[in-house]
Amino acid sequence: MNNKIKLAVAGAVLASASVANAGIVIPAGDWTLDVNGNVNAFATFMSHDDANTITGDLIGNTQSSDGESDNQSINTGLLPSWLGFTGTTRQNNVDVSFTISMQPNVSDNSSAGDNKTPLNRQAFLTFGDKSWGSFKLGKDIGIYAQDAILNDMTLLGVGAGFGNSGAATTLGGIGTGYIYAAWKGQVAYTTPNMNGFQATLGITNPNQMDSQGTAGQTEYQDSFGLEGKASYSFGGDFAGKVWGGFARYEVTDDTVAASFDVDAYDAGININAGNMGVTAYIYGGEGTGITFLGYQGATSTGVERDGNGGYVQATYVIPTGTKMGIAYGVSKLDLAAGESSSALVKEQKRWTVGAYHPLTKHLNLVAEYNDVEVSSHNSLVNESDAVSLGAILFF
């Protein structure tokens, strides 16, 4: 069973074990309004084996001060709960649309339990025609590494980052196989679909990143970010998609003594044959960083570090309709030229085993086991593992 789920995430369509085919469609004069989204929640049982401080890792010092290593939480998974509104119309031979969305959370750690504010990940318009392509203006998922996250099976589950009790989302495969595409102000052009081939090129808000992870430090950028991708989709007994992309940023960061460049590339393939699905993905570049684009991508003097990684994933739908999956992902960060060994993160890797069962047309039950290990350049290691049980409902 390879039915299509319509997600509010960038209007993307994912092949998965779930089956929601559309949102709630409402005619409204010249417009058609599509109300869509999801609600998900997971009970997660975690164990953290180590308490080392590794700079830039996604686990962190995960034991309490008195050595407590187990933790439980009820939280959303990689996808936040989602409510999206998309309006479409055709005027003067042009297809016009808007999308606005918000993402509430299912828990937080405050005493009253109501301190979390919603995320607002989308606010964009599009216009175009199938004969000449389309333009997008506004905030939406980034172009670079977009297909990596949209083909990750943990999009229906938890993946890494499961120690973040009360956080908005977990991390899925972010930082353990791919860089987060993030949500970016952008102006992008997408070509028409030419027998399966399509390409997107866009400029993005440049104030997205800083190398040391201190929020709000990038400023006075003199150039936009540039991101792009090309893909080819094919059908038949072996249906799927191949893609490649890039990102280019010139970063001014007042936490470092000089500017640095981010030059990243990626490539991937997804193939589905019968009940079997396989995805393979790689990325790399200079200044790319780890987990988030540009994060730890340069030294305090602006010397770029190389980063690379990827993931492989295989799924199979058994006779009950349950999609079983296994995935391995790794992200690596090299030392810069002349940089000595330190507690800087060197490698983050993840094993995921998951089961995704469509209980109804719109509702999936999910069970996952995730093991994450982070190592540093001076041989420190943190390891965490978790079992997550929950459900995700699309509409």
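Going by average Cβ neighbours within 10 Å, how do the peptides 296-309, 145-158 rank, with the highest at the top?
Descending mean neighbour count gives 145-158, 296-309.
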Hey, what's the Cα Rg ratio for segment 132-176 versus the globular rule of thumb, 2.2 N^0.38 Å?
-> 1.46
So how far, in whole Å, is the C-alpha centre of segment 312-340 from the one of segment 130-166?
-> 16
What residue among Pro104, Ala386, Gln348 has its Cα farthest toward the positive end of the dipole of the chain, where the charges are +1 on Lys, Arg and -1 on Asp, Glu, each on the Cβ?
-> Pro104
Computed on Cα atoms, the radius of gyration and Dmax of the chain in angstrom are 20.7, 67
For the pairs Lys229/Lys361; Lys184/Lys241; Lys241/Lys349; Lys116/Lys323; Lys139/Lys241; Lys116/Lys241, note any where the Cα-Cα span goes beyond 29 Å.
-> Lys229/Lys361; Lys116/Lys323; Lys116/Lys241
So, over other residues within a Cβ distance under 10 Å of Trp183, counting Lys, Arg +1 and Asp, Glu -1, the net charge is +2
Based on the mean of other Cβ atoms within 10 Å per residue, sort peptides 234-241, 51-58 so the most packed one is first.
-> 51-58, 234-241
Starting with the fewest neighbours, write out Lys323, Lys346, Lys130 ranked by other beta-carbon atoms found within 10 Å of each beta-carbon.
-> Lys130, Lys346, Lys323
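Could you work out the equivalent-ellipsoid semi-axes for segment 277-389, taking the square root of 5 times each eigenvalue of the Cα gyration tensor, largest first, in whole Å? Provide the component values of the computation, followed by the final result.
On the way: eigenvalues 250, 43, 23 Å².
Equivalent ellipsoid of segment 277-389: 35, 15, 11 Å, largest first.
Ranking request for peptides 264-272, 280-288: highest mean number of other beta-carbon atoms within 10 Å first, then the rest in descending order.
Going from most to least packed, we get 280-288, 264-272.
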Once you have the alpha carbon radius of gyration of segment 69-202, what is it after dividing by 2.2 N^0.38 Å, with N set to its residue count?
-> 1.25
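Bear in mind these aren't lab numbers, they're just calculated from the coordinates by the rules spelled out. All values derive from a computational prediction rather than experimental measurement. In this analysis, Cβ positions are derived from the backbone assuming ideal geometry, glycine residues included, and neighbour counts consider all displayed protein chains.
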